[in-house]
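Report on one structure; see the data block that follows.
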Amino acid sequence: MATATGTPAEHGASPVVAVSTDGVAPEERFAWWGEMVGQEVMPVAIDSPHAPTFRGRAMGADLGDGVRLAGFSLSPLVATRQHRHIRRSDPENHYLMLVHGPPIGVAQRRSSVLLRIGEMALFDTSHPLDSEFVDDGRLSRTTLLRLPRASSPFSQDDVDGLLAQRLTPGDGTSAGTGALLAHFMASLRYQPFEPEELRRLGRIGIDLAHAFLAERLDVQRVLPVESRQQVLRVRIVAFIERHLHEPGLTPPVIAAAHHISVRALHLLFRDQPETVAATIRRRRLERTRAELTDPRVRHRTIADVAARWGYRSAADFSRAFRAAYGTTPSEVRRIAVAPRAATDPDAPRSAGSAGAAPPLTPAR
């Protein structure tokens, strides 16, 4: 995000930037915010009864190929995009808006909708737009996913029919894809990602968005094969996450749940960093390690932790854990508890030196 007055996020070379009105003189904050939105989203006219005390924060991540994910927290306002703004600058983008806080009203192309928490709408920079951030005493919060119109597989007439419509992730045939898309938009943390990782996330985001819109339009056939495969992979990984605790989670079970053959499942992951089985192993180990190092659940036995994450026996779990981390589950727990035991008389004690913590990531 371009501004010299905002506060850049401390993320090294990662193309992720945060800005805030905190670093702007109070009398200049509202005008500054309008200029920032004009540069980073599209030129609009803004008005707000909170202009003299306006507060706003924004954080954006460039995900490659023109795709951008940005989160905003701001004092309520009204934003209007008119023909004069379009003539001055039209970046020719579609935007998906996801609401996290007070309702936001959106009107475009003779359609209007009032979005509440968890709901989405699509708007287009090439048409006039009215949006109202409802004032209920809280800061408004929203996420925008920018989708370059040049990369859209849909006709403009089809997309125009979706503008300013309520797109609820859990509704209709698009519930699965919509929920994944909303999760992607809401939970992406602005971390010091490497540029290639951000580009990978961008490809996932645009494929999920196009699949969600295609299902709404009932034109799934226009999506490239690669996009449909990407969305299916995301669905399968989400399925794995939901069912990690089940000992019977295997490739045949996963394939059957998605109505594909086991061979097709393996082919789908052929060019990925991990096989399906390796993904299950890694995520189970990560979940167990997180529990073993969490003092809030130290009352659980190692056998209980193993059983909670799908291991049929504590012995099987211990062998897999040692192979991945080069140490035992009990040693990991002892090291995690040791610093607390030094200052907490109620914490469990164990003999021996704490030593160095084992690696955070299991061996592949």
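Some values worked out for this structure:
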quantity: For residue 146, solvent-accessible area (1.4 Å; no DNA, RNA or ligand), Å²; calculated: 50 Å²
quantity: Rounded accessible area per residue of the chain, 1.4 Å, Å²; calculated: 49 Å²
quantity: Options 53, 232, 335, ranked by Cα towards positive dipole end of the chain, top entry (Cβ charges); calculated: 335
quantity: Segment 11-140 - charge dipole about Cα centre, Lys and Arg +1 at Cβ, Asp and Glu -1, debye rounded to 20; calculated: 200 debye
quantity: Under-5 Å amide H pairs with residue 55, H placed in peptide plane, nonlocal only; calculated: 75
quantity: Probe 1.4 Å, all protein chains present, accessible-area order of 104, 86, largest first; calculated: 86, 104
quantity: Rounded Å value of the spacing that divides the Cα centres of segment 87-126 and segment 26-63; calculated: 16 Å
quantity: Accessible surface of the chain [probe 1.4 Å, protein heavy atoms]: carbon and sulfur percent; calculated: 53 percent
quantity: Derived scalar couplings ³J(HN,Hα) [segment 315-329; Karplus, 6.51 cos²θ - 1.76 cosθ + 1.60; whole Hz; x for Gly, Pro]; calculated: 5, 4, 5, 4, 5, 5, 5, 4, 4, 7, 10, x, 8, 9, x
quantity: Debye, to nearest 20: dipole size of the chain, +1 on Lys, Arg Cβ, -1 on Asp, Glu Cβ; calculated: 1460 debye
quantity: Between segment 293-327 and segment 208-238, the Cα center-to-center distance that results, in Å; calculated: 36 Å
quantity: FRET E, pair residue 298, residue 245, Förster distance 22 Å, beta-carbon r, rounded to 0.05; calculated: 0.65
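The values are calculated or read from the model by the stated rules, or taken from the named source; none is laboratory data. Because the structure is predicted, anything quoted here is derived from the model rather than measured. Backbone-built Cβ (ideal geometry, glycine too); neighbour counts: all protein chains shown. Ligands, DNA and RNA are excluded from the accessible area calculation, which covers all protein heavy atoms including side chains. Shrake-Rupley method; radii C 1.70, N 1.55, O 1.52, S 1.80 Å.
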